[in-house]
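*Asks:* Below are the structure tokens for one structure; questions will follow.
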Amino acid sequence: MELFLDDANINWNSSSIFKAMTPVFSKTFWIWSTFFGGMFVLVCLIHSSTFLIRVMLRFKENLFFEINNSADLKKASLYFLSGTLIIPVLFEIIHFIEYMIESILPNKLQTYTFDGIIEYVGFGIIGLFIYVMGEVIEKAISIRNENDLTI
Amino acid sequence: MKTKQILELMKVGSWIIFIGFCIKAGAILFSTVISLYVNPESAENLYLGLDLSKLFSYSQQYYLYIISFIVAIAVLQAYLFWLLICTLSKILVEHPFTEEVAKMISQIAYYALVTGIIAYVADKYESWLSKKGLPTYQDWGATELLFMAGILFIIAFIFKRGVELQQENDLTV
């Protein structure tokens, strides 16, 4: 595993907001957490893409305001948010724990706040935007039903 | 969480990103001017560790092109989020389909497409520079931007249809 990741040139320390100067946890810990984290992200993003593809296929058939579209968009947004935010936030927490352990020793915490935060907030906004689109389609369905019922 | 609260949360997030990109563009512009006219060593750390010193010593023209790409993309992204803030302020949960919102979403989609194209050109330019033995500097995110533009075009289309439905509803006696 270690050899494989070394060959693939994967950096197990992750590009994070918080970064302890001297790593406390072993290289193996980071390799395995990166591996399982990566798998989790991959599964979540595949699920999210599947729901989005379903919606796009319905759009292709001119089925825009359908209750299934609204439900699928909401599911896609939840999977997208889990895939893009859970693991990075967990990694940040681990880095912070690392720093807390380190602080007993004379070490410093390096922070790369700006770009990291912008990236996470950006992912959050995209996920929430997809969710709001689900709500908007639901609203459109209610308008259409109202329209159909009006004599 | 209610949709209204989600919209408020998105507005706060968009403000953070908008300010972030403005600071990024401003900081890079400022340190570029410093590197060109005051101290060339500042090209080693233009913004959060962005090191363009090798490119600066290789050719000032190429250096300026790369800086122009970085600043142009940051400014366009800031403008994208400014448009998003305006759109979010105008969306009403009870009455989401208005001409204005539909127009603004298509505008965001067009700007995302333009930003994506510029990022793609910058990426290719950087690859061309790397063939000359210069290091690569950053991930331009062209594919993400183009993908986002595609999704936004579809959303803009949905909004247009929604506006038609709403008008039909309003006209029905």
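The values are calculated or read from the model by the stated rules, or taken from the named source; none is laboratory data. Note that the structure is predicted; figures quoted are calculated from it, not measured. Backbone-built Cβ (ideal geometry, glycine too); neighbour counts: all protein chains shown.
*Asks:* Name the single residue, out of those in region B:44-63 being within 24 Å of the chain's Cα centre (by Cα) and either modelled with pLDDT of 90 or more or surrounded by 16 or more Cβ atoms within 10 Å (Cβ to Cβ) (or both), that is farthest from the other protein chains (Cβ to nearest Cβ).
*Replies:* Among them, the one singled out is B:Y62.
*Asks:* Against the condition under 23 Å from B:D139 (Cα atoms) and hydroxyl-bearing (S, T, Y), how does B:T3 come out, does it pass?
*Replies:* For B:T3, the condition - under 23 Å from B:D139 (Cα atoms) and hydroxyl-bearing (S, T, Y) - is not met.
*Asks:* Could you tell me whether B:I66 is in contact (Cβ under 8 Å) with a residue 40 or more places away in the chain and either hydroxyl-bearing (S, T, Y) or in a helix (DSSP H, G or I) (or both)?
*Replies:* yes
*Asks:* Would you please name the residue that is modelled with the lowest pLDDT, looking only at residues in region B:137-173 that are buried (at least 17 other Cβ atoms within 10 Å of the Cβ), farther than 16 Å from B:V101 by Cβ and among the aromatic types (F, W, Y)?
*Replies:* Checked region B:137-173; the qualifying residue modelled with the lowest pLDDT is B:Y137.
*Asks:* Does B:V114 count as in contact (Cβ under 8 Å) with a residue 24 or more places away in the chain and touching a Lys or Arg at 6+ places or on another chain (Cβ under 7 Å)?
*Replies:* No.
*Asks:* Additional query: Among the residues of region B:31-43, is there at least one that is in contact (Cβ under 8 Å) with a residue 60 or more places away in the chain and away from chain A (no Cβ under 14 Å)?
*Replies:* No, region B:31-43 has no match at all.
*Asks:* Which of the residues that make up region B:84-107 are without any contact (Cβ under 8 Å) to a residue 24 or more places away in the chain and closer than 14 Å to B:K4 by Cα?
*Replies:* Hits for region B:84-107 are B:T87, B:K90, B:L92, B:E94.
*Asks:* Please identify the pairs in which a residue from region A:60-78 that is aromatic (F, W, Y) has its Cβ atom under 7 Å from the Cβ atom of a residue that is assigned to a helix (DSSP H, G or I), counting only partners at least 6 apart or on another chain.
*Replies:* Every condition considered, the pairs that remain are A:F64/B:I158; A:F64/B:R161; A:F65/A:I137; A:F65/A:A140; A:F65/A:I141; A:F65/A:R144.
Residue-by-condition table, conditions (1) in contact (Cβ under 8 Å) with a residue 12 or more places away in the chain; (2) of a type in the set (V, I, T); (3) at the interface with chain A (Cβ under 10 Å from one of its Cβ atoms); (4) not in a helix (DSSP H, G or I):
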| position | (1), (2), (3), (4) |
| --- | --- |
| B:M148 | yes, no, yes, no |
| B:F153 | yes, no, no, no |
| B:I158 | no, yes, yes, no |
| B:E168 | no, no, yes, no |
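*Asks:* Only one of these conditions is not met by A:L90: (1) modelled with pLDDT of 85 or more; (2) buried (at least 16 other Cβ atoms within 10 Å of the Cβ). Which number is it?
*Replies:* If we test A:L90 against (1) modelled with pLDDT of 85 or more; (2) buried (at least 16 other Cβ atoms within 10 Å of the Cβ), just (2) comes out false.
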